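Q: Structure below; questions to follow.
Taken together, the values in this text are just the output of simple stated rules run on the coordinates, not laboratory data. Because the structure is predicted, anything quoted here is derived from the model rather than measured. Reconstructed Cβ throughout: ideal geometry from the backbone, glycine too, with neighbour counts over all protein chains shown.
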Amino acid sequence: MKFTPTGGRITLEVKHIELQQMHTQSWIRFAVIDTGIGIAPENIPKLFQPFIQIDGALNRQYAGTGLGLSLVKRMVELHGGLVGLTSELGIGSCFTIDLPCITDFPSAIIHDAIAPISEPPASASVNINSSPLVLIAEDNEANISTLTDYLEANGYRIIVAMNGEEAITLSETHQPDLILMDIQMPFMDGLSAIKLIRLNPNLADIPIIALTALAMDSDRQKCINAGANEYISKPIKLKALSQMIQSFLNP
C-alpha cells in the first residue's frame, strides 16, 4: 500500500490453479497487484535479500527494515510454496504466492475455549497522569507496537510520532519526560529532529535515546553530537532499554 500513490488501485486475487510440472498439482495462488511505482528489472533480485532496501537514504520516502519480503519468501518456501514477482517501472507490480492445496481436511476441528479476561484487582490501579510520558519517534509499526506494549506494561504513558517533523511538534506540545528517537525515518530523519529539538530552550533538557540499526562507533558519535543523551542499536534488547530509561528518569 505504501508504494501505491493516492488514487491508485490494489487488487487481491485468490484462485485455484493446476501446475502440471510440480509434484503437487493442486495449488492456491494469492496475487497482490498494484498500480504503484513499480520496480526496475535490475533491482528485482535485491528485493528478497534480508536487510536490503532499494532506497537506503536516512530520510528515505518509503520506510521499512528490508526484512519483510525475505521473511515472506522463507515462510512460503517452508510451506512448500513459491513466491513470484512481475513488475514494470512506473506501472506497477504483481506479487504471487503459490501454496500447495490440501483437499483432505480432517472431519472434525477442535476449537479451544477462550477464557474470559478477569478484571484486574483494585490494588493494581495506578495514577496514570503521574506516570512518565515517553515519546516514541519511529516509523516501523511493528517496532512501535512492541515498544508501546512493553513500556505501557512497565507503567509509562506513550505518544507516537511517525517521522522527525511529528516528533518536534509533539515534543513542543506535550513536553515528554523522555524521547526514543529512531534515526532512519521518512521526511525528516532522527538526527535532524534531535538538532532542532535541542534548539528549543524548553526541550533542551529532555533525555533523548537514539535508536538505530547503524552500529558503528562513528554512528554513535553522530547521535551524541546531534544532541542525543544515549544510543542503543537495533535489534533492541527491551530489558537494556528499560534500564537505560530508568537511569534517566530515576537517577
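Q: What distance in nm lies between label points placed 7 Å from Cα along the C-beta direction at Gln49 and Leu67?
A: Label-label distance for Gln49 and Leu67, simple model: 1.9 nm.
Q: Between Lys195 and Asn154, what is 0.36 nm times their sequence separation minus the Cα-Cα distance? Round to one decimal in nm.
A: Using 0.36 nm per residue and subtracting the Cα-Cα distance, I get 11.9 nm.
Q: If you don't mind, another one. Taking the alpha-carbon distance from Lys222 and a cut-off under 28 Å, which lysines remain once sequence neighbours fewer than 8 residues away in the same chain are dropped?
A: Qualifying lysines at Cα under 28 Å: Lys195, Lys234, Lys237, Lys239.
Q: In addition: If you stretched the chain out fully between Ser242 and Ser26, how much longer would it get, using 0.36 nm times the residue separation minus the C-alpha to C-alpha distance?
A: Net length gain for the segment: 72.8 nm.
Q: Among 162-174, 33-45, what's the highest-first ranking by average C-beta atoms within 10 angstrom per residue?
A: 162-174, 33-45
Q: Return the lysines within reach of Lys46: Cα separation strictly under 16 angstrom, same-chain partners fewer than 8 residues apart disregarded; answer none if there are no such residues.
A: Lys73
Q: How large is ³J(HN,Hα) for each residue in region 147-157, as worked out from phi by the Karplus curve 6.51 cos²θ - 1.76 cosθ + 1.60 (θ = phi - 60°), to whole Hz, x for Gly and Pro?
A: 5, 4, 4, 5, 6, 5, 5, 9, x, 9, 8
Q: Let me ask something else. Counting Lys +1, Arg +1, Asp -1, Glu -1, what net charge surrounds Thr35 among other residues with beta carbon under 12 Å of its beta carbon?
A: Once all neighbours under 12 Å are counted, the net charge is -1.
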